[in-house]
1. Which residues, taken from the stretch B:424-451, are open to solvent by 30 Å² or more (accessible area, probe 1.4 Å) and not in a strand (DSSP E or B)?
2. Quick check on A:Val265: is it surrounded by 15 or more Cβ atoms within 10 Å (Cβ to Cβ), in contact with a helix residue (DSSP H, G or I) (Cβ under 8 Å, 6 or more places away or on another chain) and assigned to a helix (DSSP H, G or I)?
3. Quick check on the stretch A:77-94: of everything there that is within 13 Å of ligand 1 (Cβ to nearest atom) and open to solvent by 10 Å² or more (accessible area, probe 1.4 Å), which residue is farthest from A:Ala15 (Cα to Cα)?
4. Test each condition in (1) open to solvent by 10 Å² or more (accessible area, probe 1.4 Å); (2) away from chain B (no Cβ under 12 Å); (3) farther than 17 Å from B:Glu673 by Cβ for A:Thr142 and report the one that comes out false.
5. Quick check on the stretch B:567-616: of everything there that is within 15 Å of B:Asn442 (Cβ to Cβ) and assigned to a helix (DSSP H, G or I), which residue is least open to solvent (accessible area, probe 1.4 Å)?
6. What's the number of the condition A:Gly137 fails, among (1) buried (at least 24 other Cβ atoms within 10 Å of the Cβ); (2) farther than 24 Å from B:Asp737 by Cα?
7. Name every residue in the stretch B:477-506 that is assigned to a loop (DSSP other than H, G, I, E, B) and under 21 Å from B:Gln526 (Cβ atoms), in order of residue number.
8. If a residue must be open to solvent by 30 Å² or more (accessible area, probe 1.4 Å), within 12 Å of ligand 1 (Cβ to nearest atom) and out of contact with any Ser or Thr (no Cβ under 6 Å at 6 or more places or on another chain), how many such residues does the stretch A:145-197 contain?
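The values are calculated or read from the model by the stated rules, or taken from the named source; none is laboratory data. Nothing here was measured: the structure is a model prediction, and the numbers come from that model. Using ideal geometry, Cβ is built from the backbone for each residue, glycine included, and neighbour counts are taken over all protein chains shown. Just the protein is used for accessible areas: all its heavy atoms, side chains included, with ligands, DNA and RNA removed. Shrake-Rupley method; radii C 1.70, N 1.55, O 1.52, S 1.80 Å.
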Amino acid sequence: MRSFSYTRAQDVKKAVSEVSSHEDAKFIAGGTNLLDLMKYDIMKPRHLVDITRLEMKSIEETEGGGLRLDALVSNADTAYHPLVEERYPLLSHAILAGATAQLRNKATDGGNLLQRTRCYYFYDTTTLCNKREPGTGCSAITGYNRNHAILGHSQHCIATHPSDMAVALAALEATIQVSGPEGERSIPIADFHRLPGDKPEKDTNLAENEIVTAIELPKKGFARHYTYLKNRDRASFAFALVSVAAALELDGDTIQEARIALGGVAHKPWRKPEAEALLQGKEVSREHFQQVADAYLEGAEGFQYNEFKIELARRSIVRALMQAAKTDQ
Amino acid sequence: MATDFIGKPSKRVDGLKKVTGQARYAGEFEVPELTHGVVINSSIARGKIKSIDSSKALQLEGVLQVFTHENRPKLAWFDKSYSDMDSPPGSPFRPLYNEKVQFNMQPIALVVAETPELAQYAATQVKVEYETEPHETNFDSQLKSAYVPEEFNSTPPPEPWGESEEQFKKAAIQLKEEYFHPSQHHNPMEMHASTVHWEGDGRITVYDKIQGALNSQKYLMGVFGLAKEEVRVLSPFVGGAFGSGLRPQYQLFMATMAALELKRSVRVMLSRTQMFSFGHRPKTLQRFSIGASAEGKLQSIIHETYAETSKFEDFQEDVVIWPAVLYKCDNVKLSHQLVGLDEYTPLDVRAPGGTTGIFALECAMDEVAYKAGLDPLEFRKKNYSEMDQTKKVPFSSKELMECYRQGAEKFGWQNRKQEPRSMREGHQLVGWGMAQGAWEANQKPANAKAILSVDGKLKVSSATADIGTGTYTIMTQIAADTLGLPLEDVSFKLGDSSLPEAPLEGGSATASSVGSAVKAVCQKIQEQLLELVKKQGNTDFAGKEVEELDFKDGQMSLKDQPATAVSITELMAQNKEDQLQAEISAEPAKEEQKKWGRYSHSATFVEVKVDEELGTIKVTRVVSAIAGGRILNPKTARSQILGGVVWGIGMAMEEYSVMDNQYGRFINHNLAEYHVPVNADVQEIDVIFVEEKDDVVNPIGAKGLGEIGIVSVAPAIANAVFHATGKRVRALPITLDKTM
Ligand SMILES: Cc1cc2nc3c(=O)[nH]c(=O)nc-3n(C[C@H](O)[C@H](O)[C@H](O)COP(=O)(O)OP(=O)(O)OC[C@H]3O[C@@H](n4cnc5c(N)ncnc54)[C@H](O)[C@@H]3O)c2cc1C
Ligand code: SF4
């Protein structure tokens, strides 16, 4: 680990100006990802701005009937919050499918969105990695790529985003509130994370020195028909190979609206609204779900060690939708 | 006060120390003016170090030295000096010896600084340039150059008997299959560490993580030319090792070298990543050709093993003896070949060879049972062996039939349907599988010392180790039981090179070897007490031998004659004996033991539930029935078996050290990506100990339990997965992509 300087921010404005005025500065929230990366000498900030004392720790209803989760609410407090459990159980389930109780107590909602990939090569500084050191190459494409992408990858990077929470947020169409030197703005979750393209070093569209202040959930919570399905290599404490956040609005057996987001398959939570639209007005049935699954996986491309994810994702979509519809046949 | 402790579920005598943090591990000892070393490892698998530029690191205030092959002190020259008590044949690795890189993550430099943080930072400032040479780490492509080692590290495969090839060709049922087992690392909770205390007068005291303090002492004497009196090694507590501590690891070399050079105390601790830089369970490819009659009687077994090793040492383990131990067959051929790779030498890992060989054997036999249309348990009974065919001798004891019976009954095996995919619950396919196992019950020579004081306190010691297995506890029990003293009055000391010699703690032989020595040394004290009572003129004891005496509740008496009881402490006081002392060397009864096959046995029954579409597997029930001779302490014994079962689950479904052949480097080197089971993976486990008497294995009749618990778990799971899904997964780990 390298030496760094440290300041504690008193308000959002100061936090932003602190981080802007130091070279190589980073915010630190729960530290569960950033500190690991610093110990491995992967991220080397020279200054840390501690944001954990900011007044951004509440969960409140919004005027539009939605819910606002402040960026510093812990993952655990979010998952167990009565309003989240009642109106957005998909989000609770997704959060609780991630990490461990200890980590969720410490991890914050803002930090969760910004956690970095678990690509083995990203974590090993003796190997080549475009995300860690732009322009050096990608070891995973020709290496061990079990936890890598099958959708939206590029020749420069095939990493996945590891968050479970973000997958549920994608299905729920949350917006991310941010504040920066240029003022405040909100970013739809679909535009928050990015595909690697030729800039894999950039995980998100957050501008330099911007801070995430809150996550806003729209009114619609799909509290009746939802599922978070996570496939992994052990029963707990493992990142998703493929996960599915599925949410349905039903009128009897007829689907009014369907939302499907995939985790563990791409550099960002994977949505395909035009495929979801196939279900609109259709009856709940395995065949219809299979059609949607096929549409979701169209164009998917695997590598030596993750080819299986394509079929796994297809089957998981069907299973998740069947469970969400609670019409297990 | 009852003082018969053997066979009683005693709590750990060191439990309080462990939970209150008083138990100190190698990296925790406080010594004055300690400095800290951080090891730099190579980033290539083969080649030469062109240059190491330490100048930036050395400029940092508080950095004391950067040791490399260029400025290291003079070291021993002969291979012999570097070999330790567990070295396989070959040329042991010498840290910092020259510019050659022989494997990826090879330790190539040590940075020593006043604080660990500084040493760590300074290590990032050292620039290394290499001249890279092509490496060979790809097991599959190197298979073609497999060779039979000149010298076997372990037992050479027994000579073939019968006509295995011919009988295989003629057999009504034939199975020819390959089984694969990946490399796995030990990953004990405690990482390897050494704290070297520079005593000021040239002597050093070393706190090391090791499964036998004497091995570290021997190694340091050899490499650094130290006299025995100049180096004392202590290792009172070990936070798990599983074989990783059988050989001194490079942190010991590094810390000692730096201490001797700098004349300062030095600590070197390895990181979790560095735990992937030395020995591991070798990957193997095992080929089986098995012939059987239409009724399922075995007629021929051919078992070929190909296992990885380094290019500098021939590591080999007992992978192929198990067909000859577990099955009756008249035509058998066994072979073991090595595949040399540019990696560090593999190392014993819990039940070395047994876990590996029995996995493949028991999967193969399950396949044969199915070909014969036999229930897997019936098949095993049909081919039950009454003889250890590796040496053509009978078993000293073998209660495996009883393991079958009690295990099957507890599990409910009689309700099993033979047909695969015949049991389900909703999406889940349910499978029941079983496997059997064996492990060697060895005894090695060991020494122990005992001192009984007039206040009734007994101190026993031996330079053995407790790697979390419960050695402290059972030795205390054996000593207390033999002399009839309360547990609280007995203390046992281990993990110190100045104590009487003991073998490495490995091979499940500690209870048997050191236990026998402890018992024998306490019997010596019994003899001395008998002498005292005779000297007093006590006519009850005149002409009696110790075998005719009872020692219990602090008293000695003639057997079944409580009225003759004499208090031990009073006896000593009356004779003005402050203390009685004895030291003994317990040798196994080799000649007698040679006449017998000596093994513990197991039968494991497993239920799995496999998601039909998604392939996810849950091990919902395990029944492990063990024949392990006399059970000294059911509580610590059960813990050993539970640990073995959990590890078996990991081996079957999770553990996998991934070799990246681009770099010749294990790439999933942390516990987030190298999976071992978590609580949620472990559901119901039942442990059964069947009664087994054995006077041959050693004087206490215990066979050792450290390893028998794991050997038959992975194949039982693989067989259950087949029963559930109809799919034979022959390459571990069995992950969802292989079953979906
Ligand atoms: C072993 C392990 C297993 C895990 N398993 C899972 C899993 O299965 N599923 C899963 O989803 N997650 C998992 N996690 C990841 C965990 O969820 C994240 O580490 C955690 O959510 C990060 O939150 P934090 O507050 O600790 O972030 P930090 O580590 O403090 O920060 C992470 C990053 O976000 C930045 N940041 C933090 N807050 C803000 C803000 N408000 N505005 C702008 N930038 C900010 C930091 O600068 C840093 O770059 C696991 C983690 C570990 C260590
Ligand atoms: S996949 Fe991305 S993160 Fe992984 S090695 Fe390639 S560039 Fe780096």
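1. First pass over the stretch B:424-451, keeping only residues open to solvent by 30 Å² or more (accessible area, probe 1.4 Å): B:424-428, B:440, B:442, B:444-445, B:447, B:449, B:451.
Scanning the stretch B:424-451 gives B:Gly426, B:His427, B:Asn442, B:Lys444, B:Pro445.
2. It is false that A:Val265 is surrounded by 15 or more Cβ atoms within 10 Å (Cβ to Cβ), in contact with a helix residue (DSSP H, G or I) (Cβ under 8 Å, 6 or more places away or on another chain) and assigned to a helix (DSSP H, G or I).
3. So, considering only residues that are within 13 Å of ligand 1 (Cβ to nearest atom) and open to solvent by 10 Å² or more (accessible area, probe 1.4 Å), the one farthest from A:Ala15 (Cα to Cα) is A:His93.
4. Here A:Thr142 clears every test but (2).
5. Among residues in the stretch B:567-616 that are within 15 Å of B:Asn442 (Cβ to Cβ) and assigned to a helix (DSSP H, G or I), the one least open to solvent (accessible area, probe 1.4 Å) is B:Gln593.
6. (1)
7. Selection gives B:Gly484, B:Leu485, B:Pro486, B:Pro500.
8. Qualifying residue count, the stretch A:145-197: 0.
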